[in-house]
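**Q** Supplied in structure tokens, the structure appears directly below.
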Amino acid sequence: MTLAEAIAALESRFTVLAKKEFRGDFSLTVERTRIAEVCEFAKTELGFDALNNLTSVDNFGSEPRFEVVYILYSIEGNHYLRLKVAVSEDALEVPTVTGVWAAADWYEREVFDLMGIKFAGHPDLRRILMWDGYPYHPLRKDFPLAGRPSEVPDVAFSKSAPLEGGPFVTTPCAAGSREREPRSKQIE
């Protein structure tokens, strides 16, 4: 099945809210509540057998503020399809697609952790990078660059990390890696 045929099949079966094409890549915005059905159809009927990525976008200052983006890949057809759902701040919940692709598990946990978007029906929706109880979502655009105060002490760094002279940094020079890097193995 070609990509054009797959898109036509999706458009005939589901409501496509927006369709964009850029340099041969297609993005279809579908209804948020039906994303699991759309993904199931794309996998079983259209041959998009791999979830290449699942991420989110914060369109701070616009409504709806968030988008969840699913990048699907067809191994047989050798083409990609990007599906998007709009998520407003009033309804920060999207149906999970872990029943379609098991790989969605950690992607959805990451989006939940860093953006605060929940995935209804997810088997283990908990933070994956930040610690339990952390009240913020650090990839949101309104999160300050300097961070926010927390109750957890600085356990990773007690002072600023040096920018040079670390264990994996060598000084630029004309010498080869054996002379620059004392830990490299000597081949005799």
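The values are calculated or read from the model by the stated rules, or taken from the named source; none is laboratory data. In this text, all values refer to a predicted model and were calculated from it rather than measured experimentally. Counting neighbours? That spans all protein chains shown, and the Cβs are built from the backbone with ideal geometry, glycine included.
**Q** Would a scan of segment 124-144 turn up a residue that is under 22 Å from Lys43 (Cα atoms), assigned to a loop (DSSP other than H, G, I, E, B) and either in contact with an Asp or Glu (Cβ under 7 Å, 6 or more places away or on another chain) or touching a residue at least 24 places away in the same chain (Cβ under 8 Å) (or both)?
**A** The answer is no, given that none of the residues of segment 124-144 is under 22 Å from Lys43 (Cα atoms), assigned to a loop (DSSP other than H, G, I, E, B) and either in contact with an Asp or Glu (Cβ under 7 Å, 6 or more places away or on another chain) or touching a residue at least 24 places away in the same chain (Cβ under 8 Å) (or both).
**Q** Here's a follow-up. Residues in segment 40-60 that are touching a residue at least 60 places away in the same chain (Cβ under 8 Å) and either closer than 12 Å to Arg82 by Cβ or surrounded by fewer than 14 Cβ atoms within 10 Å (Cβ to Cβ) (or both): how many?
**A** Going through segment 40-60 one residue at a time, the tally reaches 1.
**Q** Of all residues in segment 78-89, which are part of a loop (DSSP other than H, G, I, E, B) and in contact with an Asp or Glu (Cβ under 9 Å, 6 or more places away or on another chain)?
**A** Matches in segment 78-89: Ser88, Glu89.
**Q** Filtering segment 61-86 down to residues that are crowded, with 22+ Cβ neighbours inside 10 Å and hydrophobic (A, V, I, L, M, F, W, C), which residue is farthest from Asp25 (Cα to Cα)?
**A** To start, the set of residues in segment 61-86 that are crowded, with 22+ Cβ neighbours inside 10 Å comprises 66, 68, 70, 72, 81, 83, 85.
With the extra rule that they be hydrophobic (A, V, I, L, M, F, W, C), the set shrinks to 66, 68, 72, 81, 83, 85.
Details: Phe66: 21, Val68: 17, Leu72: 11, Leu81: 7, Leu83: 11, Val85: 17 Å.
Here the residue is Phe66.
**Q** Given the condition part of a loop (DSSP other than H, G, I, E, B) and loosely packed, with under 14 Cβ neighbours inside 10 Å, answer yes or no: does some residue in segment 23-31 qualify?
**A** Start the filter on segment 23-31 by keeping residues that are part of a loop (DSSP other than H, G, I, E, B), which leaves 23-24, 31.
Add one more test, that the residue is loosely packed, with under 14 Cβ neighbours inside 10 Å, and what stays is 23-24.
Yes, segment 23-31 has at least one match.
**Q** Still on this structure: Which of the residues belonging to segment 55-65 are in a loop (DSSP other than H, G, I, E, B) and closer than 12 Å to Leu139 by Cα?
**A** Asn59, Phe60
**Q** May I pose another question? Identify the residue in segment 71-97 that is touching a residue at least 40 places away in the same chain (Cβ under 8 Å) and of a type in the set (Val, Ile, Thr) and, among all such residues, is nearest to Asp58 (Cα to Cα).
**A** Val87
**Q** Here is a list: Val68, Val100. Which entry is in contact (Cβ under 8 Å) with a residue 24 or more places away in the chain, assigned to a strand (DSSP E or B) and in contact with a helix residue (DSSP H, G or I) (Cβ under 9 Å, 6 or more places away or on another chain)?
**A** Val68
**Q** Still on this model: What number of residues within segment 104-145 satisfy the criterion of being modelled with pLDDT of 95 or more, within 14 Å of the chain's Cα centre (by Cα) and loosely packed, with under 15 Cβ neighbours inside 10 Å?
**A** Result for segment 104-145: 1.
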